[in-house]
1. Could you figure out which of (1) farther than 30 Å from VAL168 by Cα; (2) touching a Pro at 6+ places or on another chain (Cβ under 9 Å) isn't true of ILE53?
2. Could you pull out the residue among ARG105, ARG77, ARG48 that is among the charged types (D, E, K, R) and under 22 Å from the mean Cα position of the chain (by Cα)?
3. What number of residues in region 11-32 are in a helix (DSSP H, G or I), open to solvent by 70 Å² or more (accessible area, probe 1.4 Å) and more than 30 Å from ALA183 (Cβ to Cβ)?
4. Condition (residue is over 28 Å from THR44 (Cα atoms), outside any helix (DSSP H, G or I) and acidic (Asp, Glu)) applied to region 263-283: is it met by at least one residue?
5. May I ask you to verify whether VAL370 is modelled with pLDDT under 85, open to solvent by 10 Å² or more (accessible area, probe 1.4 Å) and part of a helix (DSSP H, G or I)?
6. Yes or no: LYS81 among the basic types (Lys, Arg), farther than 26 Å from TYR228 by Cα, in contact (Cβ under 8 Å) with a residue 24 or more places away in the chain and open to solvent by 70 Å² or more (accessible area, probe 1.4 Å)?
7. Check ILE323 against each of (1) assigned to a helix (DSSP H, G or I); (2) among the aliphatic types (A, V, I, L, M); (3) surrounded by fewer than 24 Cβ atoms within 10 Å (Cβ to Cβ) and name the one condition it does not meet.
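The values are calculated or read from the model by the stated rules, or taken from the named source; none is laboratory data. Bear in mind that the values here come from a model prediction, so they are computed numbers and not experimental data. No Cβ is skipped: glycine too gets one built from the backbone with ideal geometry, and neighbour counts run over all protein chains shown. Surface accessibility is based on the protein's heavy atoms, side chains included, excluding ligands, DNA and RNA. Shrake-Rupley method; radii C 1.70, N 1.55, O 1.52, S 1.80 Å.
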Amino acid sequence: MEKKNRLTTWILVALALGIVAGYILNSTMTTPTTYSDAMSLITTMFLRLIKMIIAPLVFSTLVVGIARMGDAGEVGRVGVKTLAWFFVASVLSLALGLVLVNLFRPGDALAGTLAATGPAANLATSSLTLKDFITHLIPTSIVDGMAKNEILQIVVFSLFFGLAAAAVGKKADPLIESIDGIAHIMLKVTHYVMQFAPIAVFAAVSGIIAKEGLVVLKTYGVFMAEFYFGIAVLWGLLIGAGFLFLGKRIFELLTEVRGPTILAFSTASSEAAFPKTLEGLERFGVRNRIAAFVLPIGYSFNLDGSMMYCTFAAVFIAQAYGIELSLGTQMTMMAVLMLTSKGMAGVPRASLVVIAATLSQFNIPEAGLVLLLSIDHFLDMARSATNVIGNSIATAVVAKWEGELVQPTDKDKDLATEPLP
């Protein structure tokens, strides 16, 4: 526990030092982009180290979790409860974004100043059809899915693999034990990789500040302040919903996932926090077979912060171009985003891609995305942290519903929740 807190402290120190160093370099260097490019290399190296862990970790933990559930009926029951929570959380997040952007109307300050056309945002804007979603959902090769870190495809294959292992029975036990060993090894690898987290955080923050300067925060200060206020409200709603089911233990959960949340915020990557979030949930008392089942699905279906941003940003762009969207149109947009936001985990700048696809369907200039590109990194920091909080609460609540949430003092009775040395 002391080591975990020390790492969190170093990440916070690196975050603060990154801001100071970036500001100084932006003010003194003639070509700060050179420094920014060098730091982006360090950040990329760290994120690639994390991504190399995700596929084997998701596969091994999910297969073991499903196999230990025993039968398809139990898997189906847990799956229904999980998706029900995700659906409610998604509607809440999307609706909150719509309410706040209509209340604050941040785009009005730019209305009349923008041309109907402008520089392209260079993002894929093709809308997601049902056919595209289904063909993307089911892998043609699990090796290809793992190579590309397609979490949704890994989940589908692991679901079938785990169910088949459970159906085979004792003959599959040696294999399941071996896969469980892989899971523990990957968590140990995670421990090694995480030692580089403070360096990566410093590189990411100092690089973006050195390149853009603090002026970017001032220029878009109002928009960012309103969005961060929305994030705070969303956190309050999610924590309140968690309190209804977990009681005061919700605050224990927030303590356990504090480190992963800070890491996600600092690196602007939910994926970077996945392994540590899984460990934190198990320390909290969520049995491994539930945590390993719910959390990976959440990374594809329950990105609360990203979904709130989608409605907030899409309507903001419409306001900036002086386009008034009726209530019916906004509700339709919310329904479209409900579908297109699923499975966007692992896609670079996924929220912007989803927004771009949505704008084209409602005749809103896609060039408006350029307004957000310079501050997207800072917005993504809040989105990523929120995704960690939302998925952690969802996993704990599902575990509570299933009677699979134990007290930390009882975890030694269950090897599945025993923390790694």
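1. So ILE53 meets the others, but not (1).
2. Numbers: ARG105 fails: under 22 Å from the mean Cα position of the chain (by Cα); ARG77 fails: under 22 Å from the mean Cα position of the chain (by Cα).
On inspection, the qualifying residue turns out to be ARG48.
3. Selection size over region 11-32: 7.
4. Going through region 263-283, the residues over 28 Å from THR44 (Cα atoms) turn out to be 282-283.
Within this subset, residues satisfying the condition of being outside any helix (DSSP H, G or I) are none.
No, the conditions are met nowhere in region 263-283.
5. Yes: the conditions hold for VAL370.
6. Here the answer is no, as LYS81 does not meet what is asked.
7. (1)
Residues are listed down the side, and each one gets a yes or a no for (1) open to solvent by 40 Å² or more (accessible area, probe 1.4 Å); (2) within 30 Å of ASN363 (Cα to Cα); (3) modelled with pLDDT of 90 or more; (4) part of a helix (DSSP H, G or I):
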{"position": "SER40", "(1), (2), (3), (4)": "yes, no, no, yes"}
{"position": "ARG48", "(1), (2), (3), (4)": "yes, no, no, yes"}
{"position": "VAL75", "(1), (2), (3), (4)": "no, no, no, yes"}
{"position": "LEU103", "(1), (2), (3), (4)": "yes, yes, yes, yes"}
